[in-house]
Amino acid sequence: MKTLRICHLYGDLLNTYGDNGNLLILQWRAKKQGYHVETTLVSLDDTFNPEDFDVVFFGGGQDYEQKVVSKDIQHKKDSLTRYIEQDGVVVAICGGYQLLGHYYIGANGEKIEGISALDHYTLSQDNNRFIGDISIFDEQTGMTYAGYENHNGRTFLGENMKPLGTVQQGCGNNNEDNTEGARYKNVFCSYFHGPLLVRNIHLADYIIQLAIEQKEKRNH
Ligand code: GLN
């Protein structure tokens with residue numbers, strides 16, 4: 001039986017609003033498609049080896065946990081960047097999304113460094129959060145996704161970055177430019193909770209298919 005190897009990045013620290021549900025859906029759908037699934041928690045002081053994984057899941061978090069992760073993830077910056085540049089599949093939500101970019105200015109004004117693997121940055125907002133139902137259209141896949149957002153951060157994408165989708169309802173990245181999340185190579189970033197893949201099984205299946213394709217390419 002073929003194996004799908006999932007990395008749960010900082011899964012013991014980042015799990016807002018049940019983001020770990022994304023992991024359960026990836027496991028369930030992959031098993032249903034006949035794959036044996038292996039999930040490994042990679043957290044503080046662990047080494048991330050890009051060759052060991054077919055999918056990385058990186059959840060959201062409170063500012064405090066993000067600060068803890070921000071320090072540790074600098075040691076994994078090179079290996080995570082290599083994984084991404086080699087077309088590795090990543091699903092990153094909210095706090096995880098913010099940490100893949102340049103930085104996040106937390107709610108109290110403190111700068112929380114990301115790893116700049118992706119070209120985006122995140123500012124805070126005064127006494128406000130973007131909260132509520134959201135739906136977006138993903139031009140690249142032609143699919144629509146539904147979710148629930150709850151974030152302080154206002155994210156702005158660099159010139160070469162594409163959003164995961166355009167906002168049909170809700171605030172998205174910053175409530176200004178109609179973008180939500182980010183898509184870079186095989187990295188899927190989003191502010192969606194709900195969790196994202198629980199409410200959008202079609203996206204989960206798409207991501208698993210991509211991970212399997214990448215795995216097969218590497219093995220040839
Ligand atoms: N702390 C970040 C923010 O408020 C991320 C929140 C989250 O992951 N839900 O923007």
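The numbers here are math on the coordinates, done by the rules we state, and not lab data. None of these values were measured; they are calculated from a predicted model. Quick reminder, even Gly has a Cβ in these numbers, built from the backbone with ideal geometry, and neighbours come from all protein chains shown.
Some points to look at:
- Over every Cα atom in the chain, the radius of gyration and the widest Cα-Cα span, Dmax, amount to 15.9, 52 Å.
- With 10 Å bins from 0: P(r) over the stretch 39-147, alpha-carbon pairs, percent: 13, 42, 32, 13, 0
- Largest GNM mean-square fluctuation across Phe192, Phe48, Phe58, computed for the chain with C-alpha springs under 10 Å, falls on Phe48.
- Normalised by the number of residues in the chain, the mean separation of alpha-carbon contacts (under 8 Å, six or more apart) gives a relative contact order of 21 percent.
- For the stretch 176-220, taking the reciprocal of the average inverse distance between every pair of different Cα atoms yields a Kirkwood hydrodynamic radius of 12.1 Å.
- By other beta-carbon atoms within 10 Å, ranking Ser43, Ser70 with the fewest at the front produces Ser43, Ser70.
- Among Gln168, Gln66, Gln98, residue whose mean-square fluctuation peaks in a GNM of the chain (springs only between Cα atoms under 10 Å): Gln168
- Taking each residue as 0.36 nm, the span from Asn128 to Gln140 lengthens on full extension beyond its C-alpha to C-alpha distance by 1.2 nm.
- Computed label-point distance, nm, for sites Glu113 and Lys32 using a 7 Å Cα→Cβ extension: 4.2 nm
- Model label sites at Leu41 and Val68, defined 7 Å from Cα along the beta-carbon direction, differ in position by 1.1 nm.
- When the helices of the chain are scored as -39500 (n - 2.57) per DSSP H run of n ≥ 4 and the total is divided over every residue, the value at 222 nm lands at -8000 deg cm²/dmol.
- Compared with the alpha-carbon gap, the fully stretched path from Ser79 to Lys2 is longer by 25.2 nm at 0.36 nm per residue.
- When the charge dipole of the stretch 4-113 is built from unit charges on Cβ atoms (+1 for Lys and Arg, -1 for Asp and Glu) and taken about the Cα centre, the candidate among Gln86, Gly18, Pro50 whose Cα reaches farthest toward its positive end is Gly18.
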